[in-house]
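Undergrad: Quick one: the structure is below, and I'll ask about it shortly.
The values are calculated or read from the model by the stated rules, or taken from the named source; none is laboratory data. Computed from a predicted model, the values in this text were never measured in an experiment. Quick reminder, even Gly has a Cβ in these numbers, built from the backbone with ideal geometry, and neighbours come from all protein chains shown. All accessible areas refer to the heavy atoms of the entire protein, side chains included, with ligands and DNA or RNA removed. Shrake-Rupley method; radii C 1.70, N 1.55, O 1.52, S 1.80 Å.
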Amino acid sequence: MRLRIDIVTLFPEAIRPYVEAALLGRAQKKGLVFIKIHNLRSFSQDRYRTVDDYPFGGGPGMVLKPEPLVRAVRFIAEYTESSPFVIVTSPQGELFTQRMAWELAQKEHLVILCGRYQGIDERVVALTNAREVSIGDYVLSGGELPALVITEAVVRLIPGVLGDEESLRYDSFSEYPFGPPQYTRPRVFCGLAVPEVLLSGDHARIERWRRERALEKAKRMRPDLFSLGSHCERREGVV
């Protein structure tokens with residue numbers, strides 16, 4: 001097994017079908033990754049399985065209590081006899097990028113804590129040395145979708161997961177800032193033809209065309225990638 005991922009959530013039924021299907025399901029069947037889903041309420045010790053409470057200082061909504069989350073991390077670490085890298089999904093966290101996905105793919109064990117309600121008690125981050133991660137500048141009702149995004153982005157980078165490892169080269173934000181335009185049969189569809197260069201058989205010319213088109217689209221759609229220099233982020237030193 002190349003990687004173990006434990007996901008702690010209030011809604012395991014929302015996550016389990018996805019991790020058992022498609023790419024993630026195949027990766028587990030190959031023995032390249034093991035994904036375990038935990039119900040946060042299982043780590044609550046009161047008769048009502050309470051996992052949230054009102055925030056100190058007032059304010060709307062509820063906050064996830066520290067005890068069940070910290071207990072979950074410590075329980076997982078103890079029975080796996082490992083020191084997992086802990087991630088907390090949060091809109092206030094560090095932006096998840098392809099570079100981060102490459103970094104996480106080098107870990108042996110990840111624990112992802114799914115946020116919910118108004119967030120989690122801040123002491124959880126300190127006590128578990130967690131990395132707060134956001135998948136974008138918007139707010140969701142919970143961390144289940146971010147957990148799945150992180151999981152799939154990381155797992156697909158594990159050698160042997162993809163049928164064609166060469167396809168990783170053309171991933172957006174990997175070797176190219178954006179993936180190049182792709183075409184398949186038929187050669188002409190609704191009056192639009194496949195670019196002639198892709199039919200030329202000249203691999204050097206095709207490679208040059210793909211890079212140029214990828215850069216052209218990135219400049220048009222995401223000028224911030226260039227202004228921030230993030231298009232230069234590569235996985236050297238990470239793999």
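Undergrad: What does the accessible area per residue of the range 41-148 come to in Å², with a 1.4 Å probe and no ligands, DNA or RNA counted? List each step's numbers first, then the result.
TA: Numbers: 6050 Å² over 108 residues.
Counting only protein heavy atoms, the per-residue value for the range 41-148 is 56 Å².
Undergrad: Given R₀ = 30 Å, what would the calculated FRET efficiency be for Ala204 paired with Met1, taking r from the Cβ atoms and rounding to 0.05? Mind dumping the intermediate values first?
TA: Numbers: r = 40 Å, r/R0 = 1.33.
E(calc), rounded to 0.05, equals 0.15.
Undergrad: If you don't mind, another one. What is the pair-distance distribution P(r) of the range 95-169, computed from all Cα-Cα distances in 10 Å bins starting at 0, with each bin given as a whole percent?
TA: The percentages, shortest bin first, are 16, 47, 28, 8, 1.
Undergrad: Here's something else I'd like to know. Considering only Ser83, Ala22, Leu10, whose Cα is most displaced toward the positive end of the charge dipole of the range 1-95, charges sitting on Cβ of Lys, Arg (+1) and Asp, Glu (-1)?
TA: Of Ser83, Ala22, Leu10, it is Ala22.
Undergrad: Pick from Gly61, Gly142, Gly160 the residue whose mean-square fluctuation is largest in a GNM of the chain, springs joining Cα atoms under 10 Å.
TA: Gly61
Undergrad: On to the next question. Please report, in Å, the Rg and the Dmax of the chain, where both are computed over Cα atoms only.
TA: That works out to 21.1, 70 Å for Rg and Dmax.
Undergrad: Counting pairs of alpha carbon atoms under 8 Å apart in space and at least six apart in sequence, what relative contact order in percent does the range 40-115 give? Please list the in-between numbers first.
TA: Details: 70 pairs, mean separation 19.7, N = 76.
Computed over the range 40-115, the figure is 26 percent.
Undergrad: Under 5 Å between amide hydrogens, which residues at least 5 positions from Arg4 or on another chain qualify, with H placed 1.01 Å from N in the peptide plane?
TA: Excluding prolines and chain starts, which carry no amide H, the hits are Phe34, His109, Leu110.
Undergrad: Can I ask one more? Place a label point 7 angstrom from the Cα of Thr80 along the Cα-to-Cβ direction, then list the residues of the range 22-44 whose backbone nitrogen is under 13 Å away.
TA: Hits in the range 22-44 for Thr80 at 13 Å: 33-38.
Undergrad: If r is the Cβ-Cβ distance from Leu127 to Leu32 and R0 is 35 Å, what FRET efficiency results, to the nearest 0.05? Present the calculation step by step, with values, prior to reporting the outcome.
TA: Numbers: r = 31 Å, r/R0 = 0.88.
The pair Leu127/Leu32 has a calculated efficiency of 0.70.
Undergrad: Report the residue, chosen from Val155, Val124, Val188, that carries the largest GNM mean-square fluctuation when the chain is represented by alpha-carbon nodes joined by springs under 10 Å.
TA: Val188
Undergrad: Please work out the FRET efficiency for the pair Tyr48 and Asp224, using the Cβ-Cβ distance as r and a Förster radius of 45 Å; give the result to the nearest 0.05. Show your work: numbers first, answer last.
TA: Details: r = 47 Å, r/R0 = 1.04.
Computed FRET efficiency for Tyr48 and Asp224 comes out at 0.45.
Undergrad: If you don't mind, another one. What's the extension gain from Gln118 to Gln106 if we count 0.36 nm per residue and subtract their Cα-Cα distance? Don't skip to the answer; put the middle values down first.
TA: Values: separation 12, 0.36 × 12 = 4.32 nm, distance 3.13 nm.
Gain on stretching Gln118 to Gln106: 1.2 nm.
Undergrad: Carbon and sulfur: what percent of the chain's accessible surface (1.4 Å probe)?
TA: On the way: 7250 of 13820 Å².
On the chain, the fraction of accessible area on carbon and sulfur atoms equals 52 percent.
Undergrad: Can you give the Rg and Dmax of the range 1-126 based on its C-alpha atoms, in angstrom?
TA: Cα-based Rg and Dmax for the range 1-126 come out at 15.4, 50 Å.
Undergrad: When the helices in the chain are scored as -39500 (n - 2.57) per DSSP H run of 4 or longer and the sum is shared across all residues, what 222 nm value do you end up with, to the nearest 500 deg cm²/dmol? Provide the component values of the computation, followed by the final result.
TA: Values: 8 runs with 81 residues, N = 239.
Result for the chain, helices only: -10000 deg cm²/dmol.
Undergrad: So for the chain: antiparallel DSSP bridges make up what percent, rounded to the nearest 5?
TA: Details: 5 of 28 bridges.
That works out to approximately 20 percent antiparallel.
Undergrad: Take the residue pairs Lys107/Lys219; Lys36/Lys107; Lys29/Lys107 and return only those whose Cα atoms are more than 23 Å apart.
TA: Values: Lys107/Lys219 33 Å; Lys36/Lys107 16 Å; Lys29/Lys107 20 Å.
Violating the 23 Å limit, Cα to Cα: Lys107/Lys219.
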